[in-house]
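To keep things clear, I will list the structure first and then write my remarks on it.
The values are calculated or read from the model by the stated rules, or taken from the named source; none is laboratory data. The shown structure was predicted, so the numbers you read here are calculated from the model rather than taken from an experiment. Positions of Cβ are generated from backbone atoms using ideal geometry, with glycine treated the same way; all protein chains shown enter the neighbour counts. The area values use the complete protein model at the heavy-atom level, side chains included, leaving out ligands, DNA and RNA. Shrake-Rupley method; radii C 1.70, N 1.55, O 1.52, S 1.80 Å.
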Amino acid sequence: MELESLFSRKIGMGDINCVVEWSRIDPGNRDMLWNLARRKERRLSANALWVMTHLPEYDKDWLISLQDKIIDMLLAEKDTSKKRMLLQLLREQDFDPDEMRTDLLDFCFSKINSECEPYAVRCFSIYVAFSMCRHYPELVSELEQHLDLMSKQPLSPGLKSALRQTRTKISKLKTK
């Protein structure tokens, strides 16, 4: 499959489904997809990331193996669409409490209340921050402070939902 040619133009769900199926054939194909996601050309990189957000559950271990690389890419990224997709990939992952990336946690905390960030980046930052904080009561408290500040702002339906879902998860942690 000639991915570079495909990803250099606008793609749709049919293309995404074909590439996802193609990635199942050989683990090397997924690596090729990741290499395209790291390219400098915006459309090429964004399309590869978009496909990666549609990978099935059985590719979760492969994505977890890329966790540090995804985080590094996110922290350096300027493009908001790519930031959103990278956060979306991280949202589905577990974080080792003994190897916490405080740079990622600081990034997420800084985005939660940043009204100049798109709603999706803010929502995914909430979800990723919770996944990282849930092992530490003091970090959960810090996350709650960010959520309290956020609740005083006008919120989109998506942000309201992320706030409500995360507060529910925090409540369940506290009752354990």
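For the chain, report the accessible area per residue in Å² (1.4 Å probe, heavy atoms, rounded to an integer).
53 Å²
Output the pairs from 40/111; 60/111; 10/169; 10/69 with a Cα-Cα distance over 28 Å in this structure; if there are none, say none. Display every interim value, and only then the final one.
Working: 40/111 24 Å; 60/111 25 Å; 10/169 38 Å; 10/69 26 Å.
Table pairs above 28 Å Cα-Cα are 10/169.
Identify the GluC sites (Glu not before Pro) of region 1-53 meeting these criteria: DSSP loop state and at most 15 other C-beta atoms within 10 Å of the C-beta.
Details: sites: 2, 4, 21, 41; in loops: 2, 41.
The qualifying sites are 2, 41.
For region 1-85, with only Lys/Arg (+1) and Asp/Glu (-1) charged at the beta-carbon, what is the dipole magnitude about the Cα centre, in debye rounded to 20? It would help to have the intermediate numbers written out before the result.
On the way: 15 positive and 14 negative charges, 101 e Å.
Once rounded to the nearest 20, the dipole reads 480 debye.
Using the beta-carbon distance between residue 25 and residue 94 and R0 = 22 Å, what value does 1/(1 + (r/R0)^6) give for FRET efficiency, to the nearest 0.05?
Numbers: r = 27 Å, r/R0 = 1.23.
Step by step, r from the Cβ atoms, then E = 0.20.
Can you give me the % of accessible surface on region 65-143 that is carbon or sulfur? Probe 1.4 Å, all protein chains present, nothing else counted. Could you put the intermediate results ahead of the total?
Numbers: 1620 of 3540 Å².
Answer for region 65-143 is 46 percent, counting heavy atoms of protein chains only.
Roughly speaking, what is the centre-to-centre gap between region 84-156 and region 32-72 when only Cα atoms are used, to the nearest Å?
Here the answer is 20 Å between Cα centres.
Treating the beta-carbon of each Lys and Arg as +1 and of each Asp and Glu as -1, no other charges, what is the dipole magnitude of the chain about its Cα centre, to the nearest 20 debye? Let's see the in-between values first.
Working: 28 positive and 27 negative charges, 158 e Å.
Magnitude of the dipole: close to 760 debye.
Specify whether the C-alpha gyration tensor of region 5-105 places it in the rounded, prolate or oblate class, a ≥ b ≥ c being the square roots of the eigenvalues: rounded for a/c under 1.5, otherwise prolate if a/b is larger than b/c and oblate if not. Could you put the intermediate results ahead of the total?
Working: a/c = 2.11, a/b = 1.36, b/c = 1.55.
Oblate shape, in that a/c is at least 1.5 and b/c is the bigger or equal ratio.
Which of the GluC sites (Glu not before Pro) found in region 70-168 are in a DSSP loop and have at most 13 neighbouring Cβ atoms, other than their own, within 10 Å?
Details: sites: 77, 92, 99, 115, 138, 142, 144; in loops: 77, 92, 115.
Within region 70-168, the qualifying GluC sites (Glu not before Pro) (loop, at most 13 other Cβ atoms within 10 Å) are 115.
Have a look at region 65-133 and give its Rg and Dmax from the Cα atoms, expressed in angstrom.
That works out to 10.8, 32 Å for Rg and Dmax.
Okay, helix-only estimate at 222 nm for the chain: each DSSP H run of n ≥ 4 adds -39500 (n - 2.57), divide by all residues, round to 500 deg cm²/dmol; what do you get? Could the numbers behind the result be given before it?
Details: 11 runs with 126 residues, N = 176.
Calculated at 222 nm, the ellipticity per residue is -22000 deg cm²/dmol.
Pull out a ≥ b ≥ c, the square roots of the eigenvalues of the alpha-carbon gyration tensor of region 1-55, then state rounded if a/c is under 1.5, prolate if not and a/b is larger than b/c, and oblate in the remaining case.
On the way: a/c = 1.64, a/b = 1.21, b/c = 1.36.
Here region 1-55 falls in the oblate category.
Among 125, 62, 147, flag the residue with its Cα farthest along the positive direction of the charge dipole of the chain, charges on Cβ as +1 for Lys/Arg and -1 for Asp/Glu.
Looking along the dipole axis, the top candidate is 147.
Mind pulling the per residue volume of the convex hull built on the Cα atoms of the chain? Å³ is fine.
Taking only Cα atoms, the chain has a hull volume of 123 Å³ per residue.
So for the pair residue 35, residue 102, with labels modelled 7 Å out along Cα→Cβ, what separation do we get in nm?
3.7 nm
Compute the orientation-averaged projected area for region 121-174 from the convex hull of its Cα atoms and round it to one decimal in nm². Spell out each step's value before the answer.
Values: hull surface 13.1 nm².
With the hull built on Cα positions only, its mean projection is 3.3 nm².
Roll a 1.4 Å probe over the protein heavy atoms and report the accessible area of residue 72 in Å², nearest 10.
Approximately 80 Å² for this residue.
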